[in-house]
1. Quick one: Pro331 ticks every box in (1) within 16 Å of ligand 2 (Cβ to nearest atom); (2) surrounded by fewer than 22 Cβ atoms within 10 Å (Cβ to Cβ); (3) not basic (Lys, Arg) bar one, so which box is it?
2. Output the qualifying pairs, or none if there are none: Cβ atoms under 6 angstrom, residues six or more apart or on different chains, first residue in the stretch 195-223 and part of a helix (DSSP H, G or I), second residue hydroxyl-bearing (Ser, Thr, Tyr) and away from ligand 1 (no atom under 16 Å from the Cβ).
3. Just to check your reading of the model, which residue among Leu720, Leu686, Leu649 is touching a residue at least 40 places away in the same chain (Cβ under 8 Å), farther than 22 Å from Arg614 by Cβ, of a type in the set (A, V, I, L, M) and more than 16 Å from ligand 3 (Cβ to nearest atom)?
4. So which strands (runs of 3 or more DSSP E) are wholly in the stretch 234-306 and hold at least 3 residues that are in contact (Cβ under 8 Å) with a residue 12 or more places away in the chain and in contact with a Leu (Cβ under 8 Å, 6 or more places away or on another chain)?
5. Taking Val92, is it at pLDDT 95 or above, closer than 28 Å to Leu297 by Cβ and not in a loop (DSSP other than H, G, I, E, B)?
6. Quick test for you: out of Gly650, Gly602, Gly583, pick the one residue that is more than 23 Å from the chain's Cα centre (by Cα) and small (Gly, Ala, Ser).
7. Return the pairs, sorted by first residue and then second, in which the second residue is at pLDDT 95 or above and among the hydroxyl-bearing types (Ser, Thr, Tyr), the first residue lies in the stretch 723-739 and is within 28 Å of His264 (Cα to Cα) and in a loop (DSSP other than H, G, I, E, B), the beta carbons are less than 7 Å apart, and the residues are 6+ apart or on different chains.
8. Could you identify the single residue in Lys244, Lys271, Lys210 that is surrounded by fewer than 23 Cβ atoms within 10 Å (Cβ to Cβ), closer than 27 Å to Pro362 by Cβ and of a type in the set (D, E, K, R)?
Amino acid sequence: MVNTDLTKHVRGESIFIDDIPVPVNTVYLSILFSPLAHGKIKKIILDEAIKVPGVKKIFTAKDIPGKNQIGGIVLDELLLAEDEVTYVGQPVAVVAAETQLIARIARNKIKVEIEKLKAITDPREAFAAGELIIPPKIFSSGNIETAWKDCDVIVDGTTETGGQEHIYMETQVSLAFPIDGEGIKIFSSTQGPTVVQRIAARVLDLPMNKVEVDVPRIGGGFGGKEDQANAWAAITALAAFNLKCPAKLVLPREEDIRVTGKRHPYSSDFKIGLDKDGKILAYEFTFYQNAGAAADLSPAILDRTLFHAANSYFIPNLKATGLCCRTNLPPNTAFRGFGGPQGMFVIEAAIFKAAQTMGIEPDVIQQKNLLKEGDSFHYGQNAVNCTARLCWQSLDSKFQIKEIKDSIAKFNSSNTLLKKGMALMPICFGISFTNTFMNQASVLVHIYSDGSVGISSAAVEMGQGINAKLRQIAAKIFSVEISRIKIESSNTTRVANASPTAASSSTDLNGKALLIACNTLLERLLKSAKEDLNLKENSFLEIKNEIVYSNGNPTKSKWIDIVNSAFLKRVNLSTQAQYATPGIYFDKEISKGNAFAYHVYGTAIIETTLDCLRGIYRIDSVKVVHDFGKSFNKQIDIGQAEGGIVQGLGWITIEDIIFDHEGKLATNSFSNYKIPDIHFAPEEMLILPLENSTNPSGVFNSKAIGEPPLMYGIGVFFALANAMKAFRPNINISFSAPLTPEKVMLKLYSRSKEKSSNYLSQ
Ligand code: MTE
Ligand code: HPA
Ligand code: MOS
């Protein structure tokens, strides 16, 4: 079934916040951002700016009626700077004016005197300076100290992974209306309506029931609007509340890229020990997470890095240290994978290096160490319904790994300047918010007297197709036409205390809540229909394609008849239901517990061709066997997998975020920050579902899909590394992502100490 939003999108009929008509008295906002990464604010001079005709007011920190604090996990982030600025792009002052243009003109006339202080942009430097946002986090299992002496091979190294800009199509936007002189209604492009509500209430000093947040849909979030829509929503709420008129803020693309946080860059050290057969016995590593200037979601993201640091391998002795390092960059934030990809890159690099040292191929080590049923993860949970090995085997039998290797070897032996490389990339991703309490969702369902259905849920539609899936679920339970089902906007007045739409779990959480609600309503309807048909309470009545069946035989009653009759009999046709994932817990003291409802597995084989004269490359194919459980919307799920893979390989190859030493973003537009386009996408992408998989924890036995496939993209790094090795066999691969064509070029022709290479010696 197609994602029903698509038709409206291509026709331009879908309403985003910027499409909502606004009253004539609306004020437009423009923000003055800190030009420096670190400094003391001496003076903010508004005189020139306030004189610009059409300016209504300029807000600074002192105009905030409640708390000037938007931190979530740690209370360490001001909405508007007070005495100090800590990153380039930190909001300092807000102009409200009659038009967008006037607001910007006035904003440019604000002068701020700042005494410059030293800025730190590197996480290791931040660590050395004692700049940790939270104490070090340690996950461990087995006994790492004694394990080393059983190892035949021990290798160590360092890795770097870069940031990533979200490039959602719709930039950050918010529109706020004062309500009744005492409250506020905010339309926000957020993944987390309740978080926006909580933060706006805190800033305005209002109870949460006086702040209504509504999200029609968002033009992509990818994690960038899980926490980072809060500031813009709070700023518009502040202006609307103070000026008693609607206020609107849209970040222009350049500002959005420059001032919002990104995927966390990580710098990591690893040490891995194996026996002579390639069995991993010990793995010890330290992650230096570049958190930026405030905590944002960094501690939770660091948790997921630690959870996924062993990817889909069983490692009996492991010690992981995570350091959340404060730097003078915009606070980094959630990005599809939520720290998982950063952890998984390191173990893949460690395996690659170990294989190189042992003179074997990495996939020998990968395959040998894949998780099997009952193995325990380093955080204490056991692998249940573990399909890691099945996915690998299925991939091998469908695509013949050996044949692919042979054909690549053949190609490489007959080509001098073009080299092919391949890599296998297994994944394992835990499904559940790593904060246990967040694993809940609720829905509110109305059946109207004409038989149409309205559903409000905790989920936000961001292009991932949750609305289509929720419609499918309700249509299936009621057995009615899908056109009868409407998904309402996400709204805090209809659905309270919602977790953000994140962690790939919106279908699981909201879908399960919806199943409960629909079954409750169906029960009421069938009970009423039995009375109408003079049937006993225990007789078997069901609806099939809108028609009521009694003991398997069609009756004259249709959906619409039983709804209408129930309404006239004053049966309650509305219900609310909540779902909370059962059986999960995590003891943060000892870092052990059943953190996840289940895991998603899969394996990809990736082929690349490298032009060794120019350093440029092509991704020939990404072929995957992925465990979808039992997908109930293959079109959406395959789309999510394809999108995730392209986003993941973009991160690992060409998306290069560069800050200068002063903390200024050099890559602030599409002309200097390259994301994959259709030409860069793999020429062939084949995503096959693992057969006969099931998942009792998911809706109709499906599995979450939003984030896991992104991590197949990591394999592209190692496919390229293999192509580089084919050109220069003794090359010393440095594990620094993104592996841009420039980096490839420099590496291929670097004068490192290693001995001859086939090209240079020819
Ligand atoms: N797909 C689209 N089209 N747009 C998005 O913003 N976000 C991703 C993923 N897929 C995203 C997307 C992220 S980061 C997550 S966590 C999940 O969707 C969230 O939605 P889900 O819980 O419904 O999978
Ligand atoms: N994923 C996404 N968002 C989150 C998580 C997570 O695991 N934990 C807390 N917020
Ligand atoms: Mo996704 S990073 O959990 O929004």
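The values are calculated or read from the model by the stated rules, or taken from the named source; none is laboratory data. Since we're looking at a predicted model, the values are computed, not measured. Please note: Cβ atoms are built from the backbone with ideal geometry, for glycine as well, and neighbour counts cover all protein chains shown.
1. All conditions are met except number (2).
2. Close Cβ pairs (under 6 Å, with a partner that is hydroxyl-bearing (Ser, Thr, Tyr) and away from ligand 1 (no atom under 16 Å from the Cβ)) amount to Gln197/Thr492.
3. From the options Leu720, Leu686, Leu649, the qualifying one is Leu686.
4. Working: elements: 247-250, 266-274, 280-292.
Output list reads 247-250, 280-292.
5. yes
6. Going through Gly650, Gly602, Gly583 in turn, just one is more than 23 Å from the chain's Cα centre (by Cα) and small (Gly, Ala, Ser): Gly583.
7. If the second residue must be at pLDDT 95 or above and among the hydroxyl-bearing types (Ser, Thr, Tyr), the pairs left are Ala737/Thr161; Pro738/Thr653; Leu739/Thr653.
8. Working: Lys244 fails: closer than 27 Å to Pro362 by Cβ; Lys210 fails: closer than 27 Å to Pro362 by Cβ.
Among Lys244, Lys271, Lys210, only Lys271 is surrounded by fewer than 23 Cβ atoms within 10 Å (Cβ to Cβ), closer than 27 Å to Pro362 by Cβ and of a type in the set (D, E, K, R).
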